[in-house]
Amino acid sequence: MPQAQRVAKSLADTTNYDPDIKETGALDLAKIIVDEKVEEATEKRICTAFIEHLRNENTQVRATAVRCINNVASRISDSNLTMILTKLSEETINPTKEANKDSNAIHATDKEMSEMYALAIENILETTHESAKEEVQENIIKSLGANMLKGIETKPEHVKIACLSICTRLFKVFGQLILRSATALINKDQFMKAIIEQMTKGTSMNLKKKAS
């Protein structure tokens, strides 16, 4: 079957009401990107499908989307990579809740998803940053930096910890670019203030340790 038909079928599967079919469609699309040459417009449609799954109420569908993103991150265009990292950072600080009337389960799911999204961002930064153009790296820094600062300053403890973990990797990978850039890619003073506040006034030892 030609690639265009396979992509169309798998994209249709990602919108199916059945979570298992959604996951199969996403995995098939990831395999196409990994194994074949894909036009950037088609690649964007596929990446958009993964992003839609990050908003799905089914936890397994979201987890599979993260797995697919990890698999294709080193193969997709810089623009699509930036788009995905931006969405992952948004979901890290505002994870979509699973449909569940038990409030305790919802909070647990929030924590698990924030941690999973954060880990995905860290892995992508570590494995793809060297191949990205400097302009793209700057866009990634700006996008992630803004969302991470918001998470550290205003979100619950588990989100603060996830954001601090991402910042550790972000500063390790892009520290030199942040320092030498002629334009302010992040608000360094505001970041330092937010991090120091978590070190001194954090609500738990785990949070204070992560901030240090």
Q. Given that compact globular proteins tend to follow 2.2 N^0.38 Å, what is the ratio of the alpha-carbon Rg of the range 111-164 to that value?
A. 1.20
Q: Work out the P(r) tail for the range 106-212: percent of alpha carbon pairs separated by more than 23 Å, whole number.
A: 26 percent
Q: Going by C-beta contacts inside 10 Å, put Thr92, Thr154 in order with the fewest on the left.
A: Thr154, Thr92
Q.
Just to check I understand the Karplus step: with θ = phi - 60° and J = 6.51 cos²θ - 1.76 cosθ + 1.60, what whole-Hz values come out for the range 155-172, glycine and proline as x?
A. 9, x, 4, 5, 6, 4, 5, 4, 5, 5, 5, 5, 4, 4, 6, 4, 6, 5
Q: Kindly give Rg over Rh for the chain, based on alpha-carbon atoms, with the Kirkwood expression for the hydrodynamic radius.
A: 1.00
**Q.** For the range 139-149, 3J(HN,Hα) per residue [Karplus equation, 6.51 cos²θ - 1.76 cosθ + 1.60, θ = phi - 60°, Hz, x = Gly/Pro]
**A.** 5, 5, 4, 4, 5, 5, x, 5, 5, 5, 4
Q) What GluC sites (Glu not before Pro) in the range 49-99 are in a loop by DSSP, with at most 14 other Cβ atoms within 10 Å of the Cβ? A) Glu57
Q.
What translational diffusion coefficient, to the nearest whole µm²/s, does the range 29-86 have by Stokes-Einstein, given a Kirkwood radius computed over alpha-carbon pairs, a temperature of 37 °C and 0.692 mPa s viscosity?
A. 291 µm²/s
Q) For helix 19-35, what angle does its Cα long axis make with the longest principal axis of the chain, in degrees from 0 to 90 and rounded to 10? A) 90 degrees
Q) Which one of Ala49, Pro95, Phe174 has its Cα pushed farthest toward the positive end of the charge dipole of the chain, where Lys and Arg give +1 and Asp and Glu give -1 at the Cβ? A) Phe174
Q. If you add up the charges near Lys37, with Lys and Arg at +1 and Asp and Glu at -1, over every other residue whose beta carbon is less than 12 angstrom from its beta carbon, what do you get?
A. -4
(Q) Helix-only mean residue ellipticity at 222 nm, the chain, DSSP H runs n ≥ 4 weighted -39,500 (n - 2.57), per residue, nearest 500. What is it? (A) -26000 deg cm²/dmol
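Before anything else, pin down the relative contact order of the range 161-212: Cα pairs under 8 Å, at least 6 apart, normalised by residue count, whole percent. Spell out each step's value before the answer.
On the way: 25 pairs, mean separation 19.2, N = 52.
In percent, rounded to a whole number, it is 37.
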**Q.** Extension gain from Ser204 to Thr127, taking 0.36 nm per residue of separation minus the Cα-Cα distance
**A.** 24.6 nm
Q: Between Ser74 and Asn94, with labels modelled 7 Å along Cα→Cβ, what's the label distance in nm to one decimal, could you check?
A: 3.3 nm
Q: Please tell me the relative contact order of the chain in percent, rounded to the nearest whole number, where contacts are Cα pairs under 8 Å and at least six residues apart.
A: 15 percent
Q. To one decimal place, what Kirkwood hydrodynamic radius in Å is obtained for the range 1-67 from all pairs of distinct Cα atoms?
A. 11.7 Å
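Placing +1 at every Lys and Arg Cβ and -1 at every Asp and Glu Cβ, with all other atoms neutral, what dipole size does the range 124-204 have around its Cα centre, in debye to the nearest 20?
Details: 11 positive and 9 negative charges, 40 e Å.
Dipole of the range 124-204, to the nearest 20 debye: 200 debye.
A short reminder: the numbers here are calculations on the coordinates, not readings from a lab. Keep in mind that this is a model prediction, so the values were computed, not measured. FYI the Cβ positions are ideal-geometry reconstructions off the backbone, even for glycines, and counts take in every protein chain you see.
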